[in-house]
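Colleague: Take this structure first; my questions come after.
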């Protein structure tokens, strides 16, 4: 649903990325991929992993990353864990099916006796979580945490022989990375607040084949013909730039803005190459781009929240931004219209 009234404010944001960045040279040596191929097809320079490249051993869990990002968001908001009335976490890669990663993160943060939600989603998950948070705030809650993140250890096998991987599967090893992002949301402006002036979240995939599949199967149903991670890159290349332009126009209409009123663009973050193609299609070179995928890789649910964290550090009073999000799994359109409030607005 998209509407005009503001019922949601971002009071603080935070990001967590595991370990040192892994560059294309290191990744190329491990999987026998040339740096030129990575740059040509993906354009990502570095990414972070929750697993050791040499052994495949898990070094961080999703809960580790989400708790770290949420802690940083709380620090920047000036609010305490005791001020939180709810927590919404979104991911496609929970640590376990039960208990939910959301409850583990709440425990890590010292939260109790409050509603905790976990959404199963992809790149649009952060906007979905903000939509749920908006409804909770409208129902009377004062403040809460929105957290998103993903890890890749169960889908990318560091010990697998790259020669045995088809190109469409091998590209996932250079496309994705691990990370988490978080935002403290409030019903009234607090701190150095950013107002959400419009929110778009809409499923548009009726009758369409998925552009992305992330599979899951238990030990009782082993099927080597099923791919754990699949991307229809042709469909994504054809559809995402068009969808992004539609989202951009709709967000302008929702907020009642013209493109001249906007200062920043947060484009979809599928890959560095794809992001460049999308921004070129949008045709708004005058806007300052806030992107992260070239440094972080595709971190799924974390991406829009990492962008929001970078935006919060760059935005001045009165400046505006549009965040455009496309999830290709079953084609979800999402986005945010954002405005940095003046001190007089947050003091009321």
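Colleague: Residues that are without any contact (Cβ under 8 Å) to a residue 40 or more places away in the chain and surrounded by 15 or more Cβ atoms within 10 Å (Cβ to Cβ): list the helices (runs of 4 or more DSSP H) wholly contained in segment 14-77 that include at least 3 such residues.
Modeller: 35-41
Colleague: In addition: Look at residue 22 and say whether it is on the phi < 0 side of the Ramachandran plot and in contact with a strand residue (DSSP E or B) (Cβ under 8 Å, 6 or more places away or on another chain).
Modeller: yes
Colleague: Give the residues of segment 82-105 that are out of contact with any helix residue (DSSP H, G or I) (no Cβ under 9 Å at 6 or more places or on another chain) and farther than 21 Å from residue 155 by Cα, sorted by residue number.
Modeller: Those that are out of contact with any helix residue (DSSP H, G or I) (no Cβ under 9 Å at 6 or more places or on another chain) and farther than 21 Å from residue 155 by Cα: 82, 103.
Colleague: When residue 293 is evaluated against the numbered criteria (1) out of contact with any strand residue (DSSP E or B) (no Cβ under 7 Å at 6 or more places or on another chain); (2) closer than 23 Å to residue 156 by Cα; (3) surrounded by fewer than 24 Cβ atoms within 10 Å (Cβ to Cβ), which criterion, by number, is the only one it fails?
Modeller: Looking at each condition in turn, residue 293 falls short on (3).
Colleague: Any residue in segment 310-318 that is surrounded by fewer than 20 Cβ atoms within 10 Å (Cβ to Cβ), within 30 Å of residue 102 (Cβ to Cβ) and either within 16 Å of the chain's Cα centre (by Cα) or in contact (Cβ under 8 Å) with a residue 12 or more places away in the chain (or both)?
Modeller: yes
Colleague: Now for a different question. Only one of (1) under 21 Å from residue 201 (Cβ atoms); (2) assigned to a helix (DSSP H, G or I); (3) in contact with a helix residue (DSSP H, G or I) (Cβ under 7 Å, 6 or more places away or on another chain) fails for residue 247. Which number is that?
Modeller: (3)
Conditions tested, residue by residue: (1) assigned by TED's automatic domain parsing to the domain that holds residue 334; (2) under 21 Å from the mean Cα position of the chain (by Cα); (3) farther than 19 Å from residue 298 by Cβ.
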site	(1), (2), (3)
56	no, no, yes
79	no, no, yes
88	no, yes, yes
91	no, yes, no
99	no, no, yes
112	no, no, yes
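Colleague: In addition: Do you know which residues across segment 173-205 are surrounded by 19 or more Cβ atoms within 10 Å (Cβ to Cβ), touching a strand residue (DSSP E or B) at 6+ places or on another chain (Cβ under 6 Å) and not in a strand (DSSP E or B)?
Modeller: Within segment 173-205, 175, 177, 189, 190, 193 meet the criteria.
Colleague: Residue 253 fails exactly one of the following numbered conditions: (1) in contact with a strand residue (DSSP E or B) (Cβ under 8 Å, 6 or more places away or on another chain); (2) part of a helix (DSSP H, G or I); (3) at pLDDT 95 or above. What is the number of that condition?
Modeller: Result: residue 253 fails condition (1) only.
Colleague: Please specify each residue of segment 82-112 satisfying the condition of being farther than 17 Å from residue 9 by Cα and in a helix (DSSP H, G or I).
Modeller: Residues satisfying the conditions are 82, 101, 102, 103, 104, 105, 106, 107, 108.
Colleague: I would also like to ask the following. So residue 110 passes all but one of these: (1) crowded, with 16+ Cβ neighbours inside 10 Å; (2) touching a helix residue (DSSP H, G or I) at 6+ places or on another chain (Cβ under 8 Å). Which condition number does it fail?
Modeller: Only one criterion is unmet by residue 110, namely (1).
Colleague: Given the structure, is residue 149 touching a residue at least 12 places away in the same chain (Cβ under 8 Å), in the same structural domain as residue 55 (by TED's automatic domain parsing) and farther than 18 Å from residue 62 by Cβ?
Modeller: On the way: touching a residue at least 12 places away in the same chain (Cβ under 8 Å): yes; in the same structural domain as residue 55 (by TED's automatic domain parsing): yes; farther than 18 Å from residue 62 by Cβ: no.
In short, no.
Colleague: Taking segment 113-145, which residues are free of Cβ contacts under 8 Å to residues at least 40 places away in the same chain and within 19 Å of residue 306 (Cβ to Cβ)?
Modeller: Within segment 113-145, just 119 meets the criteria.
Colleague: Quick check: anything in segment 302-312 in a strand (DSSP E or B), modelled with pLDDT of 95 or more, touching a helix residue (DSSP H, G or I) at 6+ places or on another chain (Cβ under 7 Å) and in the same structural domain as residue 207 (by TED's automatic domain parsing)?
Modeller: Within segment 302-312, not a single residue is in a strand (DSSP E or B), modelled with pLDDT of 95 or more, touching a helix residue (DSSP H, G or I) at 6+ places or on another chain (Cβ under 7 Å) and in the same structural domain as residue 207 (by TED's automatic domain parsing).
Colleague: Is there a residue being in a loop (DSSP other than H, G, I, E, B), out of contact with any helix residue (DSSP H, G or I) (no Cβ under 8 Å at 6 or more places or on another chain) and under 23 Å from residue 149 (Cα atoms) anywhere in segment 261-274? It would help to see each step written out before you state the result.
Modeller: Going through segment 261-274, the residues in a loop (DSSP other than H, G, I, E, B) turn out to be 262-263, 267-271.
From the residues that got through so far, the ones that are out of contact with any helix residue (DSSP H, G or I) (no Cβ under 8 Å at 6 or more places or on another chain) too are 263.
Of the ones still in play, those that are also under 23 Å from residue 149 (Cα atoms) are none.
Checked against the condition, which is being in a loop (DSSP other than H, G, I, E, B), out of contact with any helix residue (DSSP H, G or I) (no Cβ under 8 Å at 6 or more places or on another chain) and under 23 Å from residue 149 (Cα atoms), segment 261-274 yields no hits at all.
Colleague: Also, I was wondering about something else. Kindly provide the set of residues from segment 290-301 that are out of contact with any helix residue (DSSP H, G or I) (no Cβ under 6 Å at 6 or more places or on another chain) and farther than 14 Å from residue 149 by Cα, ordered by number.
Modeller: Scanning segment 290-301 gives a single hit, 295.
The values are calculated or read from the model by the stated rules, or taken from the named source; none is laboratory data. Note that the structure is predicted; figures quoted are calculated from it, not measured. Please note: Cβ atoms are built from the backbone with ideal geometry, for glycine as well, and neighbour counts cover all protein chains shown.
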